[in-house]
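Note sheet for the following structure.
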Amino acid sequence: MEHSRYFYPNYSIGTDAYADVPQVCRKYGTKAVIIGGTRALKAAADRIKDAVKGSKIEITGVFEYGGEASRENMDMLNSHPEVREADMIFACGGGKAIDTCKVLAQESSRPFFTFPTIASTCASCTSLGIIYHPDGSLREYSFQEKPAEWIFINTQVIAEAPEKYLWAGIGDTMAKFYECTISARGDVLDHATSMGVQISHLCAEPLVKYGVEALEECRNNKAGNALREIVLGIIVSTGFVSNLVGIDLNTGLAHACYNGFTVCRSTEEHGHLHGEIVAYCILILLLVDHQEKEFERIFEFSRKMGFPTRLSHIHASLDDMDAVIKKALDGIDVRKWPYEVTPDMILNAVKKIEAYNDEKGIK
């Protein structure tokens, strides 16, 4: 017998989104543990506790996830009885905090709920978990079936977060459109995959439309319409694409190149954000794919947004590219691509980007 199953998370969005927690979560048990990053817990933990006050849900503990989405940190969290005995996991923060909680919950067959405190990735909406070594280099993709049961998106919490996370989230989200549509090029698509490819269009154009305005709202801690639209694009649109299309259309050349830069020590040491580097790697993708006009358009958008447009902006150089390209092509990200991507294609694209910056007088 052949059949397919698809799971979609529900979500609440707005400045009072946490008010839905008691009603939504009560059927999953009575004990919940909150896990997240240091800043995320400071922003959200008390708000969550206030939301469940007077309900049958007990918060058994609040724990920091450890700073890296690693197996080692999952073991550390499992050492706490409050974590092991919780009926459900409340995951707070950005991508790595949420992925840590996600895999921890999935591998122990427990429901989890996400409370994104920054809009930097679609991790709070997806079933896929990305796991790293303690040194920050990529370890594995954890393929699971179900995403979070519910996403609680408090736009005021996100508006009060540092704008750099929203900024990086825009860069990461835009890659979803280019990678998904190029990976699917020439394919006969089934219903779910076709839906995902169509939704991926919402991961690029609305971000170009609202990106600059949303950053200004975040800068002023304002949960306005532009920020709301961008947050929905980063978390929901991208997450739905991820859950619909499968890994081979979920990633591509931009993320392959991002993974390559994880071995570049100077890039890592300067703390460049995932989406920041992905934004630069979109430019590589567009030139490798011979989309010169789109490259010029997105290059100009990147300049308005303050995204990196050359290697020095991410503390890398041409001398690093052999190692970066090897790591990029060693992974699975472009195993499903409409043509073979060679090391020379990537290197030549990087050189063209450097030359384009020189022409524009950009240091």
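Say we look at the range 118-129 and pick out the residues that are among the β-branched types (Val, Ile, Thr) and open to solvent by 10 Å² or more (accessible area, probe 1.4 Å); which of these is nearest to residue 166 (Cα to Cα)?
Restricting attention to the range 118-129, the residues satisfying the condition of being among the β-branched types (Val, Ile, Thr) are 118, 121, 126.
Next, only the ones that are open to solvent by 10 Å² or more (accessible area, probe 1.4 Å) stay: 118, 121.
Numbers: 118: 7, 121: 9 Å.
Top of the filtered list is 118.
For every residue, the table says whether it meets (1) closer than 17 Å to residue 125 by Cβ; (2) free of Cβ contacts under 8 Å to residues at least 40 places away in the same chain; (3) of a type in the set (Val, Ile, Thr).
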{"position": "206", "(1), (2), (3)": "yes, yes, no"}
{"position": "215", "(1), (2), (3)": "no, no, no"}
{"position": "250", "(1), (2), (3)": "yes, no, no"}
{"position": "276", "(1), (2), (3)": "no, no, no"}
{"position": "298", "(1), (2), (3)": "no, no, yes"}
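Can you name the residue in the range 177-192 that is of a type outside the set (Phe, Trp, Tyr) and open to solvent by less than 20 Å² (accessible area, probe 1.4 Å) and is also farthest from residue 306 (Cα to Cα) among such residues? Working first, answer last.
Restricting attention to the range 177-192, the residues satisfying the condition of being of a type outside the set (Phe, Trp, Tyr) are 179-192.
Still in the list and also open to solvent by less than 20 Å² (accessible area, probe 1.4 Å): 179-180, 182-184, 192.
Working: 179: 22, 180: 25, 182: 26, 183: 28, 184: 30, 192: 35 Å.
If we take residues in the range 177-192 being of a type outside the set (Phe, Trp, Tyr) and open to solvent by less than 20 Å² (accessible area, probe 1.4 Å), then 192 is farthest from residue 306 (Cα to Cα).
So if I check each of 363, 293, 352, which one is modelled with pLDDT under 95 and open to solvent by 60 Å² or more (accessible area, probe 1.4 Å)?
Numbers: 293 fails: modelled with pLDDT under 95; 352 fails: modelled with pLDDT under 95.
Answer to the selection: 363.
Evaluate the following for residue 156: is it surrounded by fewer than 24 Cβ atoms within 10 Å (Cβ to Cβ), modelled with pLDDT under 95 and assigned to a helix (DSSP H, G or I)? It would help to see each step written out before you state the result.
Details: surrounded by fewer than 24 Cβ atoms within 10 Å (Cβ to Cβ): yes; modelled with pLDDT under 95: no; assigned to a helix (DSSP H, G or I): yes.
Criteria not met by residue 156.
Let me confirm something: among 236, 245, 231, which residue is aliphatic (A, V, I, L, M), within 24 Å of residue 334 (Cβ to Cβ), in contact with a helix residue (DSSP H, G or I) (Cβ under 9 Å, 6 or more places away or on another chain) and open to solvent by less than 70 Å² (accessible area, probe 1.4 Å)? Full working, then the answer.
On the way: 236 fails: within 24 Å of residue 334 (Cβ to Cβ); 231 fails: within 24 Å of residue 334 (Cβ to Cβ).
Unique residue meeting the criteria: 245.
If a residue must be in a loop (DSSP other than H, G, I, E, B), over 17 Å from residue 266 (Cα atoms) and touching a Phe, Trp or Tyr at 6+ places or on another chain (Cβ under 8 Å), how many such residues does the range 310-360 contain?
Residues that pass the stated criteria total 1.
Restricting attention to the range 140-149, which residues are touching a Ser or Thr at 6+ places or on another chain (Cβ under 7 Å) and modelled with pLDDT of 90 or more? Step through it out loud before you land on a result.
Our first condition is that a residue be touching a Ser or Thr at 6+ places or on another chain (Cβ under 7 Å); within the range 140-149, this holds for 144-148.
Correct list: 147, 148.
The values are calculated or read from the model by the stated rules, or taken from the named source; none is laboratory data. Predicted model, so just to flag it, every value in this text is computed and none were measured. When we count neighbours, we look across all protein chains shown, and the Cβ atoms used for this are built from the backbone with ideal geometry, even at glycine. The accessibility values were calculated without ligands, DNA or RNA, using every heavy atom of the protein model including side chains. Shrake-Rupley method; radii C 1.70, N 1.55, O 1.52, S 1.80 Å.
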